[in-house]
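Presented below is the structure to which this report refers.
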Amino acid sequence: MDERKMIDEAFAELLKHYLSSNHRKKVDVIQKAFNFAMRAHENHHRESGEHFMVHPINVAMIVSKEMGLGSTSICAALLHDVLDGTDYTIDDISNIFGPKIAQIVDGLTKIAGGIFGDKASEQAENFKKLLLTMSEDIRVILIKICDRLDNMRHLDRQDKEKQNKIAGETLYLYAPLANRLGLNAIKTELEDLSFKHEHPQEFAEIEQNLSYTKDSLDELFESFTAPIKVALDKMGIRYTIKARVKTPYSIWNKMQKKHVSFDEIYDILAVRIVFLPDSPDEEVNECFNIYVALCKLYKSHPDRLRDWLSQPKANGYQALHVTLMSAQGQWIEVQIRSKRMDDIAEQGFAAHWKYKSDEDPQKTGRVVEDELNGWLQTIKEILDDPQPDAMDFLDAIKLNLFASEIFVFSPKGEIITMPTGCTALDYAFQIHTFLGTHCIGAKVNHKLVPLSHVLKGGDQVEIITSASQHVKPEWINYVTTAKARNKIQSLLRKQERASIKEGEEKLEAWLKQNSLNMTTSAIDRLAEAHNEKNHNKILLDIASGNITLGESDLEAVLYGSKAGKKKSMSQGWRRYIPFIKPKVKEILRNKYITIGKDFDRTQTIFITEDNIQHYIFPDCCQPIPGDPILAYINKKNQIEIHRRSCKEANRLQSSFGSNILSAEWNMRGDMVFNATITARGIDRKGMLKDVTTLLADIFDIDIHRLSTISDDGIFNSEIEFKVKNNKLLEIVADKLLQIDGMQSVHRI
């Protein structure tokens, strides 16, 4: 097909969908944006040979069809690549399309090429740009997520190195960001596409298992929903019932977290009831009416009722979840929500535009907007005092923005939303910096608890303060939220500056008392005398009283350190003997390969018996031959080898994509490697003996470490031993599972 004809047909499809939406029909401005972008990219083609305009049209279609945004966002999507590699400026776009579209396009251009650059500092700076621009207009990040989704859908066109970088980056930040914005459908697709490229073998296996179980899941869905349909029809409710099957990524993620196999995942099927309420005011009541009807048909799980109706999630999600026991003896989760709630669940904050009226915004529209503004305010607070280390900054953002929420209560009964895993000290800083700074403890449900106490949903929290209390360095270990961490670090730096000033004043007074002036050389000599290179540390020690200035310090300031003049006299004949470094240390220092500037980062690293000692194998994942692996160039330009499933590898891959190399095993000898497994089962006499006999006698395996606990009749053991490859490890695990009473065996 002719290239221009294909582009015109794609744009016509975009217009067709836009005209079928509820938005005002501003076709002229969209047509103008398309024509402008076509002129700008007239002779531009990508490396794959595809015309440059195909991608902007795809992004605009996602913006319109899958996010439900209007003409402003569609135009910005069509124009988002115009400023990159053309002669047009932001002023040109502003003059032709107005300041709003220009502002969004400018924001998208600032973060073009992905969140991350080649270095950590650039990554943090680009991420700050993204967040700052997002706080001006949320549509910037919404369109950016659409841009990333189209890139992920066509990731096969990229080389392997870029695939790994983009997939890791997507899973680490874009998918959680989409989730935090309530974009469930897009979040799910981003996760699955990343998982497919990161772990192709595991993805294929889970897809195959899902296809095998499809018929049984369909049968379960039909039998479970048949009586529900009868009951809802009698009630006169307008509804649809959908089957929601867990995605490959969510299944794999649960398998990793729970250390279970595919066959042990029991909540693969869920049921979603979406209804049209008689009026907007009645939708919450109708949710509960449906819930009552379901409980008359099936027994409900007492601990699995989730009410997000009166208190929506921070991303705007509203629904009522109940888990019911089917006739086949399986627990099935049922999600009950109105059509409006369903749109917000799938499109998140994007649905805000759909349900917002300029004259009279709906109540939930206001709730969504308030939550969005609150989230953006949190971002601004983090940016006000950014972490000095780039990766700390990124991790703080991710920790704070992407965590699940719990609801806790103030002493007056006010509901406070907090991240899961937060502590009493996190809560104190969330309420007010003064409370956090002077917090000495808390009462949770009227019981006294320490600052590090982890809060649970439904807790009522009262903070106890003292005017004499001040922030302490160890508090960093008591908090999990970025807000509290940043406040503590900021206050500690402020306290440190005050102490340094106090140390300066004490030192200056002491020097003046001895008829000396406060000079840099005086502090240098004093620091040398105390074996300290850092001036601030010396001043802090003087302020705190760790160093009491005396006669020896005066000699050091006047004549140089004790390690200078006196040392040379005391060494005697030894000072004439040259120092010879031990050869062993020299060998160790040169053990690892160091990567130079001219190193070809597109090549694959092959691990062999001859070169394995030149690579670093961190303890985080214990890779062994047969494992899918990747290589990472660390800060010392040495190469680390990680399993692709390693959490640290995922973080490094997403954050330092340009430092990730492809790696493969090429081992043929008898080298052995450490591997750790957990074994769990029903305890009995001789259980441990059977395990050790199997490993030591039958497989002739060298057990490096073994720890076993028997608690309430449950046998738990963690075993570290040496094996040649992961195939042997799988065989060993299968044999361990055959031991009487053994329930599960998993590799750590």
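The values are calculated or read from the model by the stated rules, or taken from the named source; none is laboratory data. Model, not experiment: these values are computed from the prediction. Neighbour counts are summed over all protein chains in view; Cβ atoms, including those assigned to glycine, are modelled from backbone coordinates with ideal geometry. What goes into the accessible areas is simple: the full protein's heavy atoms, side chains included, and nothing from ligands, DNA or RNA. Shrake-Rupley method; radii C 1.70, N 1.55, O 1.52, S 1.80 Å.
Observations, loosely collected:
- Against the criterion of solvent-accessible heavy-atom surface with a 1.4 angstrom probe, D627, D92 sort, most first, into D92, D627.
- Ranking H23, M6, S71 by Cα position along the charge dipole of region 1-92, where only Lys, Arg, Asp and Glu carry charges on their C-beta atoms, puts H23 farthest toward the positive end.
- Pairwise label distance in nanometres, Q208 with D278, each label 7 Å out on the Cα-Cβ vector: 5.4 nm
- Comparing L425, L526, N445 along the charge dipole axis of region 418-565, the residue lying farthest to the positive side is N445, per the Cβ-charge model.
- Span from the region 498-544 Cα centroid across to the region 42-94 one, whole angstrom: 60 Å
- Under 5 Å from the amide H of W331 lie the amide H atoms of S326, each residue being 5 or more positions distant or on a separate chain, with H modelled from the backbone and absent for Pro and chain starts.
- Calculated from backbone phi, Karplus (6.51, -1.76, 1.60) coupling profile of region 671-686 in Hz, x at Gly/Pro: 5, 10, 9, 6, 9, 10, 10, 10, 10, 9, x, 7, 6, 7, 5, x
- Its alpha carbons give region 659-748 an Rg and a Dmax of 14.6, 51 Å.
- Cα gyration tensor, region 148-213 - rounded (a/c under 1.5), prolate or oblate: oblate
- Estimated at the nearest 10 Å², the accessible area of D697 is 110 Å² with a 1.4 Å probe.
- Probing with 1.4 Å while keeping every protein chain in the model, the per residue accessible area of region 277-339 equals 49 Å².
- Report note on the peptides 534-541, 178-185: ranked by the mean count of other C-beta atoms within 10 Å, highest first, their order is 178-185, 534-541.
- Using θ = phi - 60° and Karplus 6.51 cos²θ - 1.76 cosθ + 1.60, couplings along region 444-454 (whole Hz; Gly, Pro as x): 10, 6, 6, 10, 6, 9, x, 4, 7, 4, 7
- Over 24 Å apart at the Cα level, from the set K313/K412; K257/K591; K16/K187; K25/K242, are K257/K591; K16/K187; K25/K242.
- Amide H to amide H, with H built 1.01 Å from N, G441 comes under 5 Å of I464, counting only residues 5 or more places away or on other chains.
- Contact order for region 224-270, expressed relative to its length and based on alpha carbon pairs under 8 Å spaced 6+ residues apart, stands at 39 percent.
- The residues of region 414-529 expose on average 54 square angstrom of accessible surface per residue, using a 1.4 Å probe on protein heavy atoms.
- Modelled spin labels at K456 and V260, positioned 7 Å past Cα toward Cβ, are 2.1 nm from each other.
- Of the solvent-accessible surface of region 187-307, computed with a 1.4 Å probe and all protein chains present, 50% belongs to carbon and sulfur.
- Between the alpha-carbon centres of region 149-223 and region 650-712 there is a gap of 28 Å.
- Whole-number accessible area per residue in Å² for region 656-745, which is evaluated in the context of all protein chains at 1.4 Å: 55 Å²
- A simple spin-label model places the labels of H154 and R304 4.2 nm from each other, with each point 7 Å out along Cα-to-Cβ.
- Of the chymotrypsin sites (Phe, Trp or Tyr not before Pro) found in region 243-278, the ones in coil according to DSSP and having at most 13 other Cβ atoms within 10 Å of their Cβ are Y266.
- In terms of distances greater than 18 angstrom between alpha carbons, the cross-link table entries K258/K735; K494/K533; K258/K647; K196/K647 yield K258/K735; K494/K533.
- Region 180-273: radius of gyration and largest Cα-Cα distance (Dmax), Å: 15.8, 49
- Per-residue HN-Hα couplings for region 151-159 [Karplus 6.51, -1.76, 1.60; θ = phi - 60°; Hz; x = Gly/Pro]: 4, 5, 5, 10, 5, 4, 6, 8, 6
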